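The values are calculated or read from the model by the stated rules, or taken from the named source; none is laboratory data. A quick note: this is a predicted structure, and the numbers were derived from the prediction, not measured. Glycine gets a Cβ as well: all are built from the backbone with ideal geometry, and neighbour counts include every protein chain shown.
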Ligand code: CO
């Protein structure tokens, strides 16, 4: 369906009216404060709309999205979102959400040149290169892509744990839990990759356990398909 820009404004009016009719005073209450419990770090892909997938309302989910849900130690944009979410909003959970069939991850996997973005996707290629021996054992490009989408979530969740913001929060004793999920474009479902860390001492173990579970899942698939 092709929409004119004016259609978007009309749809917005209708949505605002519907929301207000369902919950009178909804927008007035949100005007002065937000108190989301969750920070979502996801892909910019239009098929992965954060709040909609988890059925949350405005005010309930703080969101940062970029191509291929990458968390880079020197990316002031992402770091600022994490800092604001943790220090000001006191979110309880930070969730890195990848998705299967990610175009950015696909380009990184196959060294496809897409332009300026190649430099950003270099971070995903670093993930690929770190796991290249294991990825080569998988059967077929689609399985390798699925696996790299998942590996990228684990690595980026690990990067969240290593930020000064999260480190400092843990040192203060502030309860922040880091998670990694992956979303299926084909069925609309989220899967927890079980890299769940509530403190620095858990990070290495959480990563290793999640990585082992990931590899075991793909080993199962390979066995079943042969
Ligand atoms: Co994507």
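Restricting attention to region 97-144 and to residues that are within 11 Å of the ligand (Cβ to nearest atom) and either in a helix (DSSP H, G or I) or at pLDDT below 95 (or both), the residue that is nearest to residue 187 (Cα to Cα) turns out to be 103.
Being surrounded by fewer than 19 Cβ atoms within 10 Å (Cβ to Cβ) and touching a helix residue (DSSP H, G or I) at 6+ places or on another chain (Cβ under 9 Å) is the filter here; which residues of region 212-224 pass it? Scanning region 212-224 gives 215, 217, 221, 222.
For region 39-53, state whether one or more residues are in a helix (DSSP H, G or I), free of Cβ contacts under 8 Å to residues at least 12 places away in the same chain and more than 20 Å from residue 176 (Cβ to Cβ). Yes, region 39-53 has at least one match.
Of all residues in region 164-178, those satisfying the criterion of being touching a residue at least 24 places away in the same chain (Cβ under 8 Å) and either touching a helix residue (DSSP H, G or I) at 6+ places or on another chain (Cβ under 7 Å) or at positive phi (or both) are 165, 166, 167, 169, 170, 176, 178.
Taken as a whole, the condition of being in contact with a strand residue (DSSP E or B) (Cβ under 6 Å, 6 or more places away or on another chain) and surrounded by fewer than 16 Cβ atoms within 10 Å (Cβ to Cβ) applies to residue 198.
Considering only region 29-49, state which residues are in contact with a strand residue (DSSP E or B) (Cβ under 7 Å, 6 or more places away or on another chain) and either within 12 Å of the ligand (Cβ to nearest atom) or closer than 17 Å to residue 157 by Cα (or both).
Selection gives 38, 39, 40, 41, 42, 43, 44, 45, 48.
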